[in-house]
Each structure stands twice: as structure tokens, then as C-alpha cells.
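Since the structure comes first, as C-alpha cells, the remarks are kept for the end.
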Amino acid sequence: MAIRERWAAVLAGLSLVLLPAALPGGTPGGPSLLPPVRAEQAQGQAKPVLRIGAIPDQKPEKLNRLYPLVAAELERQLGVPVTYVPVVDYTAAVTAFRTGDLDLVWFGGLTGVQARLQKPGAQVLAQRDIDVAFHSIFIANTGSGLKQIRDVKGLTELKGKRFTFGSESSTSGRLMPQYFLAKGGVKLADFAGGAPGFSGSHDTTIALVQSGAYDAGVVNEQVWRTSLRDGRANRAKVVAIWRTPGYPDYHWIGQPNLDQRFGKGFSRKLQGAILSWRTTNPQQKQILGLFGAQQFSKSTAANYKQIEQVGRQIGKIR
């Protein structure tokens, strides 16, 4: 009898573990399906947990190195529990912010605008030094016959080529590159097959162009430089052919209710913690290095007006 009862308890426990994955929207490692306060109560936590997330713009290995470090540093500085919650794609990051399953998210320019429009009162807290004027890099397989492009008009050389963007919601891997392509007189239907590809991430775009699966593609400059530095991008097989003009991009956005959940002045304290990160601190230096930045600075929603306008032009914001 005791054995039977023990197995019944084990099966009941397994059902609780597997239930989220069986429910609509439930993904392993994804945001909790419970609203934040209920989830914290269910877990018996005395303090609310600051849940941070980020758009998955690079390989999971890179994200899983960076954001647990960010969580640990914020927990040390703020004195509250902090946890990193991975999401499956760009849309999931915006949705998790809208539903309140994520409190602080590292968004790109477009996803940040989408998130703020869906959550009035959301706070733009900080951007990297490199996000004031960020750049995309058009790349080409060395066997494609494509040469260096001197200006936006030269993008017409991409007509008839197999071309891939990154994620459909990426600012640097789709939104602004599509804007510059249009300025150069290139429509999406001009690519081979009548449409571009969408690789899903910058790393994947580089790998696909390097392999010859696509003649050309576009990635964010930070990932391109990192890939060259660590040898993942082979200059004998893939090269940069054009660098876009600058535009505003990535930024941290916080929920409008942070002060209510964590105490008066918490939003300002959180912003101050991020802005205080310096390369003279070993832990913070590692974080900044993985972000490809020297430091963070204040930003405002007004800095992303151009991103919103382009997003509406191409139908990514309605």
C-alpha cells in the first residue's frame, strides 16, 4: 500500500511539471503562465522576483552566458531576487512583456516600440553607447559575384540574388535594412524566388551566407564583428559589402508597475544600477564585453520615433 501511495505522489508531481508544456503557449524555459504575483505566491517567495528577458537575436549559448550574469549583478546591486527567463522568439518577448511575465526586457528598436505601444506607461531605461547610431552590415558569399557597394543606390546589385534577413521583427536584421533597400529602389519581390528568406537570427544569417545557401544577407554590426573576431565568419567565404547609416536600436524597457511591486523609487534605482556598470569592475566588464559596449546611457521613447515610422511603413506596427 505504501508503495502504491508513493507512486501516486510521484505521478502527481510529474503531472504538475509537465502541465505548462501541454497548455497553449507553454514552452520549456519560457515565461510562467501565471501572472507574476500569483506565480510568486505559488512558489512561496516572500519577495517579488524581478524577471528579466531579451529578444533571442543570437545563439542560445551566448544568451545563456550573458543574461544570468546580468541577473546576478542586478540582484547584488538591488537586493531583490532576479531571474533570467528565456523566450523562444521576438514575438514571445513582446507578448511576455505585455502580459507582465517579464519585468525588464532587452529589446531591439522595433520590438521595444511594439512592447511600449502594447503596454502604456512602459519605461525606456537605458541603451548602450553603440545604440545611439547603430549599423547593419550587408554581407555576401565570395562566390556570389557581388562587390563592394558605395552607397544606397548600389543596393540594386542585389536584385535577382538569393537574399536573407534575420528575424522578421529584427530592427538591424530586417526593419532598417528593408528601409534602405527601398531607398535604393529594391523591392522584396526583386530577390531570387520573388521573396527574401528569414533566418531567425544574426548568427544563422552569417552561417547561411557563408555556406552559399544565400548569396547575400544582412546582420547587425556588433554580431558581424564578433563573428570575425572569434573565427565563425571566414573572410575567404563571406565578406561585408555595405554598412548602413546609423539609427537608434537596442534598449532596456521596464514595466510601468515596478515601483508598486518593488517599492517607491525602484525604477530609478534599477536604471541607476544599469548606468553604473563600468569596465573597471571585473563582473561588469564581462557583462559589457558580451553586450559589445563600454557603458550604458539614458534614453527616451522619443529617440525611437524613426523606428516607429518605418515599422508602420512596412506593416510591422499597425
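The values are calculated or read from the model by the stated rules, or taken from the named source; none is laboratory data. Just so you know, these numbers come straight off a predicted model, no measurement behind them. Every residue, glycine among them, receives a Cβ derived from its backbone with ideal geometry; neighbour counts consider all protein chains shown. Note: areas computed on protein heavy atoms with side chains; ligands, DNA, RNA excluded. Shrake-Rupley method; radii C 1.70, N 1.55, O 1.52, S 1.80 Å.
Here are a few things to note about the model shown:
- Scanning the range 245-259 for residues that are closer than 16 Å to MET176 by Cβ and surrounded by 20 or more Cβ atoms within 10 Å (Cβ to Cβ) yields a total of 5.
- All told, GLY311 meets the bar of being within 21 Å of GLY112 (Cα to Cα) and among the small types (Gly, Ala, Ser).
- If the condition is being open to solvent by less than 30 Å² (accessible area, probe 1.4 Å) and of a type outside the set (Ser, Thr, Tyr), then the range 297-307 contributes only ILE307.
- Cβ pairs under 7 Å, 6+ apart, first in the range 251-270 and over 22 Å from ASN303 (Cα atoms), second in a helix (DSSP H, G or I) and open to solvent by 40 Å² or more (accessible area, probe 1.4 Å): GLY265/ASP259; PHE266/ASP259
- Scope the range 48-83; condition at pLDDT below 95 and either touching a helix residue (DSSP H, G or I) at 6+ places or on another chain (Cβ under 8 Å) or within 19 Å of GLN127 (Cα to Cα) (or both); matching residues: ASP57, GLN58, LYS59, LYS62
- Selection within the range 264-296 - surrounded by 14 or more Cβ atoms within 10 Å (Cβ to Cβ) and over 23 Å from LYS62 (Cβ atoms): PHE266, SER267, LYS269, LEU270, GLN271, GLY272, LEU275
- Residue check, THR164 more than 24 Å from ASP203 (Cβ to Cβ) and not in a loop (DSSP other than H, G, I, E, B): no
- The set of residues in the range 55-107 that are among the aliphatic types (A, V, I, L, M), in contact with a strand residue (DSSP E or B) (Cβ under 9 Å, 6 or more places away or on another chain) and open to solvent by 40 Å² or more (accessible area, probe 1.4 Å) contains only ALA72.
- Looking across the range 156-185, the residues that are more than 25 Å from THR91 (Cβ to Cβ) and out of contact with any strand residue (DSSP E or B) (no Cβ under 9 Å at 6 or more places or on another chain) come down to THR156, LYS159, GLY160, LYS183, GLY184, GLY185.
- Some residue of the range 182-198 being crowded, with 24+ Cβ neighbours inside 10 Å, without any contact (Cβ under 8 Å) to a residue 60 or more places away in the chain and part of a loop (DSSP other than H, G, I, E, B): yes
- Matching residues, the range 211-241, being surrounded by 23 or more Cβ atoms within 10 Å (Cβ to Cβ) and more than 22 Å from ASP131 (Cα to Cα): TYR214, ALA216, ALA233, VAL238
- Residues that are touching a Leu at 6+ places or on another chain (Cβ under 7 Å), free of Cβ contacts under 8 Å to residues at least 60 places away in the same chain and under 24 Å from SER172 (Cβ atoms) are absent from the range 59-73 altogether.
- Qualifying residue in the range 161-168 (condition: among the hydroxyl-bearing types (Ser, Thr, Tyr), within 17 Å of the chain's Cα centre (by Cα) and open to solvent by less than 20 Å² (accessible area, probe 1.4 Å)): yes
- When the range 208-232 is filtered for residues that are in contact (Cβ under 8 Å) with a residue 40 or more places away in the chain and either among the charged types (D, E, K, R) or not in a helix (DSSP H, G or I) (or both), the ones remaining, listed by number, are GLY212, ALA213, TYR214, ASP215, ALA216, GLY217, VAL218, VAL219, ASN220, GLU221, ARG225.
- Of all residues in the range 121-136 being assigned to a loop (DSSP other than H, G, I, E, B) and either over 23 Å from LYS305 (Cβ atoms) or in contact with a Ser or Thr (Cβ under 9 Å, 6 or more places away or on another chain) (or both), the one that is modelled with the highest pLDDT: HIS135
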